[in-house]
Amino acid sequence: MSEDWLRATSRPVKNVHIDTDVPNAARVWNALIGGRDNFEADRRAARQLVSVAPVMTQAAPALRAFLRRVIGYLAGDAGLRQFLQIGTGLPAAGNTHEIAQAIDPACRVVYVDNDPVVLSHVRALLRSSTGDVTFLDADANQTAALVAGARAVLDFAEPIAIVMIGIPNLLADVDGILADLVAAVPSGSYLALMQLTEGEDLAEAARRWNRIARTPVFLRDRATVTRWFTGLQLVEPGIVEVNRWRPAQDDPDYAVPLPLLGAIGRKP
């Protein structure tokens, strides 16, 4: 079912042009976590970012560990069985569906992205998945179409986890998008997100990125991230650096604060 639905709602991969000469956010992040799904332009951009913000070498693995703990909490402690992940990124070890379905194989996961690079990789992800996993080719800025597509797969009468790990950095109107998404899901649903925060080194990295990439990055302060959770019940420990959100015993400790704020909120 998932593969048929993908075929019906996505642009054919063969018609997608992928520009390998311009750095792509998903591929650069893949390079930062040591992945192989990237090109020289992406690796060069990653090196430039690290040269002005060395913390980026730590941010990438810390974010993957945060995603693992977040999905583990949502599928485990919170008991959710439906996940809507917006801003999928390139598949890597420890994807949302793998974590959730290891807790309960009945978990349903919808990945949302409109990046042609991600789309070109996602078919293999769906073919290798034995659980209920679907990909929706949609723009996070077009929330009405996104929600309509997700309704074809998820039951919006039951709680849903909205997962936005990293994608807010690439969106201009996060307030409006979150308002629409949270309004669409029922009581008992959760919002989990991560946002790059302001800092001197990261600000310079963002300026360099915005000069060479087609998709700009937006840094936000803690007050802005706090506003996004208005009306939601924050899960302890609240809005913190991602490595400080319920760290596991075997998670590495970091000598410097990481410029990534993460949190989970529950819709009452």
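The values are calculated or read from the model by the stated rules, or taken from the named source; none is laboratory data. In this text, all values refer to a predicted model and were calculated from it rather than measured experimentally. So basically every Cβ, Gly included, is an ideal-geometry build from the backbone, and we count neighbours across all protein chains shown.
The figures follow:
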{"read-out": "Residue in the stretch 14-32 that is loosely packed, with under 14 Cβ neighbours inside 10 Å, modelled with pLDDT under 85, among the β-branched types (Val, Ile, Thr) and in contact with a Leu (Cβ under 9 Å, 6 or more places away or on another chain) present", "value": "yes"}
{"read-out": "Output for the stretch 175-200, where each listed residue is in contact with a strand residue (DSSP E or B) (Cβ under 8 Å, 6 or more places away or on another chain) and either closer than 15 Å to Phe66 by Cβ or of a type in the set (A, V, I, L, M, F, W, C) (or both)", "value": "Leu178, Leu181, Val182, Val185, Tyr190, Leu191, Ala192, Leu193, Met194, Gln195, Leu196, Thr197"}
{"read-out": "Residue check for Arg246: among the basic types (Lys, Arg) and either within 30 Å of Ala41 (Cβ to Cβ) or modelled with pLDDT under 95 (or both)", "value": "no"}
{"read-out": "Filter pass, Arg123 being of a type in the set (Lys, Arg), at pLDDT 95 or above and over 23 Å from Gly176 (Cα atoms)", "value": "no"}
{"read-out": "Qualifying residue in the stretch 170-181 (condition: in contact (Cβ under 8 Å) with a residue 24 or more places away in the chain, touching a Gly at 6+ places or on another chain (Cβ under 6 Å) and surrounded by 14 or more Cβ atoms within 10 Å (Cβ to Cβ))", "value": "no"}
{"read-out": "Residue within the stretch 195-214 that is in a loop (DSSP other than H, G, I, E, B), of a type in the set (A, V, I, L, M, F, W, C) and surrounded by 15 or more Cβ atoms within 10 Å (Cβ to Cβ) present", "value": "yes"}
{"read-out": "Any chance Val225 is touching a Pro at 6+ places or on another chain (Cβ under 9 Å), buried (at least 18 other Cβ atoms within 10 Å of the Cβ), more than 22 Å from Arg64 (Cβ to Cβ) and β-branched (Val, Ile, Thr)", "value": "no"}
{"read-out": "Residues within the stretch 33-65 that are among the basic types (Lys, Arg), within 21 Å of Pro116 (Cα to Cα) and either crowded, with 21+ Cβ neighbours inside 10 Å or at pLDDT 90 or above (or both), tallied", "value": "2"}
{"read-out": "Residue match in the stretch 158-168 (condition: part of a helix (DSSP H, G or I) and at pLDDT 90 or above)", "value": "yes"}
{"read-out": "Complete set of residues in the stretch 225-247 that are over 15 Å from Ile165 (Cα atoms), without any contact (Cβ under 8 Å) to a residue 40 or more places away in the chain and in a helix (DSSP H, G or I)", "value": "Thr226, Arg244"}
{"read-out": "Number of the exception - Thr226 against (1) of a type outside the set (Asp, Glu); (2) in contact with a helix residue (DSSP H, G or I) (Cβ under 9 Å, 6 or more places away or on another chain); (3) farther than 24 Å from Asn95 by Cα", "value": "(2)"}
{"read-out": "Residue match in the stretch 177-189 (condition: outside any loop (DSSP other than H, G, I, E, B), modelled with pLDDT under 95 and in contact with a Ser or Thr (Cβ under 6 Å, 6 or more places away or on another chain))", "value": "no"}
{"read-out": "Lone unmet requirement of (1) in a loop (DSSP other than H, G, I, E, B); (2) modelled with pLDDT of 95 or more for Thr130", "value": "(2)"}
